[in-house]
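Here's the structure, in structure tokens; my notes come after.
The values are calculated or read from the model by the stated rules, or taken from the named source; none is laboratory data. On a predicted model such as this, the values are computed, not experimentally measured, just so you know. Note: ideal-geometry Cβ built from the backbone for every residue, glycine included; neighbour counts use all protein chains shown. In case anyone asks, the SASA skips ligands and DNA or RNA and just uses the protein heavy atoms, side chains included. Shrake-Rupley method; radii C 1.70, N 1.55, O 1.52, S 1.80 Å.
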Amino acid sequence: MASHPLRWALLTELATSDQRVRELAAAVDEPQNLVSYHLRLLRSAGLIDARRSSFDGRDSYYRLNLTSCARAFGEAAAALHPALAPAPPTKPTARPAVRSVLFLCTGNSARSPMAEALLQKKGQGRIRAASAGSHPKPHVHRNAVRIMRDMYGIDLRDGRPQSLTAVARRRFDHVITLCDKVREYARDHGLATTMHWSLPDPSAAADSDRASYPEFRYVASELNSRIDFLLPVLALDPEPGER
């Protein structure tokens with residue numbers, strides 16, 4: 001499935017950021033209907049997923065299913081030759097430089113504070129994580145506090161949403177947008193971003209905290225998975241002087 005040159009090019013593009021079909025067509029310089037055809041094949045194989053845009057419901061964002069890809073490529077390598085089976089991870093010999101990551105969403109009350117907290121914990125002192133919102137809410141959502149406490153042992157009770165102006169003067173190695181609305185906001189306001197993760201707003205899933213709780217669980221789980229795959233990317237970043 002991945003050996004086709006165009007499908008490999010699409011997978012490579014999606015490895016850097018979630019994208020819409022017209023953006024992928026422009027990136028690979030192929031007609032949109034041909035790109036759509038190959039995207040359907042990749043979806044049928046479970047290598048990519050798609051979700052309707054929360055900014056414009058006529059659009060869909062495609063994303064690489066990294067868990068499925070890791071399993072599929074690992075199995076393919078091992079099937080070709082046992083020696084090609086994925087090797088167990090090795091401990092780094094030198095402590096890498098500290099990296100910094102900023103997560104952005106609209107309200108800075110659910111997705112971005114959860115992402116910040118998860119990366120801060122998983123980074124074990126090697127990563128400085130922060131979050132902000134284009135239109136920050138008064139407080140962190142109660143379901144976000146509950147999910148982080150119950151599932152990941154993280155306390156968000158003292159968290160306070162903040163605006164983009166609060167972090168405007170700080171430098172970050174990566175700026176990751178977590179919702180489609182803030183991605184468009186960043187573009188309109190000249191904010192440089194490095195990745196986009198198209199995630200639904202869990203607080204908009206239902207009218208009550210109890211009813212929206214499953215959506216918070218889903219979003220937190222996806223953030224947790226994506227951050228696991230982000231950590232090796234951060235470890236491979238060049239040193240600040242080499243940029």
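Data overview
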{"item": "Rel. contact order, % - alpha carbon contacts under 8 angstrom, at least six apart, region 1-134", "result": "16 percent"}
{"item": "Gained length - Lys137 relative to Val167, 0.36 nm times residue gap less alpha-carbon distance", "result": "9.2 nm"}
{"item": "Global size of region 1-131 as Cα Rg and Dmax, reported in angstrom", "result": "18.0, 49"}
{"item": "Dipole of the chain, positive direction: furthest Cα of Ile227, Thr165, Ala77, with charges on the beta-carbon", "result": "Thr165"}
{"item": "Candidate aspartates and glutamates for bridging to Lys137, where Cα separation is under 20 Å - those fewer than 8 sequence places away on the same chain excluded", "result": "Glu116, Asp155, Asp158, Asp180, Glu184, Asp201, Asp207, Asp209, Glu215"}
{"item": "Spin-label pair Val98/Asp237, simplified geometry with 7 Å Cα→Cβ offset, distance in nm", "result": "1.2 nm"}
{"item": "Among Asp158, Asp209, Asp228: highest mean-square fluctuation, GNM of the chain, C-alpha pairs under 10 Å", "result": "Asp158"}
{"item": "Mean separation of Cα contacts under 8 Å, 6 or more apart, over the residue count of region 172-236: relative contact order %", "result": "24 percent"}
{"item": "Two-site FRET efficiency, Arg160 against Asp56, from Cβ-Cβ distance with R₀ of 22 Å, rounded to 0.05", "result": "0.10"}
{"item": "Percent accessible area from carbon and sulfur atoms, region 179-243, protein chains only, probe 1.4 Å", "result": "50 percent"}
{"item": "Those aspartates and glutamates that a straight Cα-Cα span of less than 14 Å connects to Lys122, excepting residues fewer than 8 apart in one chain", "result": "Asp228"}
{"item": "Label zone at Arg210 (point 7 Å along Cα-to-Cβ), backbone N below 19 Å, region 128-152", "result": "142-147"}
{"item": "Of the DSSP H helices in the chain, those whose Cα atoms cover at least 24 Å axially and whose Kyte score averages 0.0 or more", "result": "209-236"}
{"item": "Interchain or long-range residues, amide H under 5 Å from Ser131's placed H", "result": "Phe103"}
{"item": "The chain: relative contact order as a whole-number percent, Cα under 8 Å and 6+ apart", "result": "18 percent"}
{"item": "Separation between Cα centres of region 34-86 and region 101-138, rounded to whole Å", "result": "26 Å"}
